[in-house]
Amino acid sequence: MAASISHSASSFLFIVSFAVLVIFTGSSSAQLSKNFYSKSCPQVFSTVQSVLHSAISKQPRQGASLLRLHFHDCFVNGCDGSVLLDDTPTFTGEKTAAPNNGSIRGFEVVDEIKSEIEKECPGVVSCADILAIVARDSVKILGGPKWDVKLGRRDSKTASFSAANSGVIPPPLSTLSNLINRFQAKGLSTKDMVALSGAHTIGQARCTVFRDRIYNDTNIDSSFAKTRQNTCPRTTGLPGDNRISPLDLKTPTGFDNYYYKDLINQKGLLRSDQQLFNGGSTDSLVKKYSEDTETFYSDFVEAIIKMGDLQPLTGSSGEIRKNCRMVNNQWR
Ligand code: HEM
Ligand SMILES: *[C@@H]1O[C@H](CO)[C@@H](O)[C@H](O)[C@H]1NC(C)=O
Ligand SMILES: *[C@@H]1O[C@H](CO)[C@@H](O)[C@H](O)[C@H]1NC(C)=O
């Protein structure tokens, strides 16, 4: 009798603690599904794709900028569209936090997509989901892997400058262990981190984020450093600070595995990039990805789907914003 009571008590405790674990890790995303809008907005994918296609053909970098927005959204209190909220006189959002200020872009493309979708299915498709679809389609349009994107996220009614500024998005001078820890804190493995960093196969970075690396690091190819120094002056100040260089030397508008080849050649642009191949635990994975595009692609897809699952608002939490830049009751 005593044994059976203690047995059921311990099962009960086990179930409770499991439920608590699921709730607090926020990794429960059972409500996201691939066909979330199949009845309420069946044309969502074709609308996103056509606006995005023309934006990327006008300016290929937009694909990179939009992929990055999904990352910066998801790492700060989950994939909830918070990164898209504009500041107001009484509210400071995430756009001026250190990783974002003067750096994140692509908002006009999101606005255009949102307004097209609002014409077709008003009040149905969240801004957080638009970012997830756009990230997927940008990678596809730029020649990378394809995947089915999970949907059903809702939009936050707020944003957090302090969370965005707190280092949850790792800075470009991070050490390998900081990179590993920051991704671990989001339930993403070291492998996920190395694969997701492959996003730097597209896009550009400003002088201000890689100046230290090209003037002070020793684990850098010297002719590469010199080339970058030509457009990125040693001293801080404008306009030099804002001059951009490609994160991937050879194919900055093609989603491929050249980023990892750059790292092998000590031509990573950011100090954090080169940390992935610097005699540490991730060297072997970088080498693998540099030689095997298919493995990079499948690990990237697995990791970006995991990233898209971070703490979504579902059910009746949050709202479906009408305009991605502001919460719905802003003018009331
Ligand atoms: C591993 C840690 C990461 C660090 C330290 C990092 C850091 C940075 C920095 C400093 C820039 C340039 C910003 C500027 O010039 O203002 C950048 C650009 C970029 N990042 Fe990351 N990033 C990381 C991971 C990621 C992930 C996971 C993704 C997406 C899955 C991503 C996608 C991008 C893209 C596409 C760009 C180019 C954006 C453009 O051209 O507009 N990054 N990143
Ligand atoms: C954002 O950047 C602008 C322009 O460089 C600067 O004036 C402003 O102080 C920055 N904001 C924050 C919060 O750092
Ligand atoms: C190089 O490192 C020194 C010492 O930490 C620092 O004072 C200097 O600002 C750095 N130079 C650049 C260009 O970042």
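The values are calculated or read from the model by the stated rules, or taken from the named source; none is laboratory data. These figures come from a predicted structure and were not determined experimentally. Glycine also receives a Cβ, built like all others from the backbone with ideal geometry; neighbour counts cover every protein chain displayed.
Restricting to the range 195-214, name every residue that is of a type outside the set (Val, Ile, Thr) and either within 6 Å of ligand 1 (Cβ to nearest atom) or part of a loop (DSSP other than H, G, I, E, B) (or both). Spell out how you get there, then give the answer.
Going through the range 195-214, the residues of a type outside the set (Val, Ile, Thr) turn out to be 195-200, 203-207, 210-213.
Across the range 195-214, the qualifying residues are Leu196, Ser197, Ala199, His200, Gly203, Gln204, Ala205, Arg206.
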- Please go through the range 268-281 and pick out each residue that is surrounded by fewer than 22 Cβ atoms within 10 Å (Cβ to Cβ) and under 25 Å from Ser222 (Cβ atoms). Leu270, Gln274, Asn278, Gly279, Gly280
- Query: Any idea which of (1) touching a residue at least 24 places away in the same chain (Cβ under 8 Å); (2) more than 14 Å from ligand 1 (Cβ to nearest atom); (3) not in a helix (DSSP H, G or I) is the one Thr235 doesn't satisfy?
  - Reply: (1)
- the range 183-224, subset of a type in the set (Phe, Trp, Tyr) and within 14 Å of ligand 3 (Cβ to nearest atom), residue farthest from the chain's Cα centre (by Cα): Tyr215
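Go through the range 89-113 and give me each residue that's more than 16 Å from ligand 1 (Cβ to nearest atom) and not aliphatic (A, V, I, L, M). It would help to see each step written out before you state the result.
If we filter the range 89-113 for residues that are more than 16 Å from ligand 1 (Cβ to nearest atom), which is where we start, we get 89-93, 111-113.
Residues satisfying the conditions are Pro89, Thr90, Phe91, Thr92, Gly93, Asp111, Glu112.
Each row is one residue, and each column tells you yes or no for (1) in the same structural domain as Asn100 (by TED's automatic domain parsing); (2) over 21 Å from Glu302 (Cβ atoms); (3) not hydrophobic (A, V, I, L, M, F, W, C).
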residue	(1), (2), (3)
Ile180	no, no, no
Val194	no, no, no
Ala205	no, yes, no
Arg213	no, yes, yes
Arg228	no, yes, yes
Pro233	no, yes, yes
Leu238	no, yes, no
Lys261	no, yes, yes
Gln266	no, yes, yes
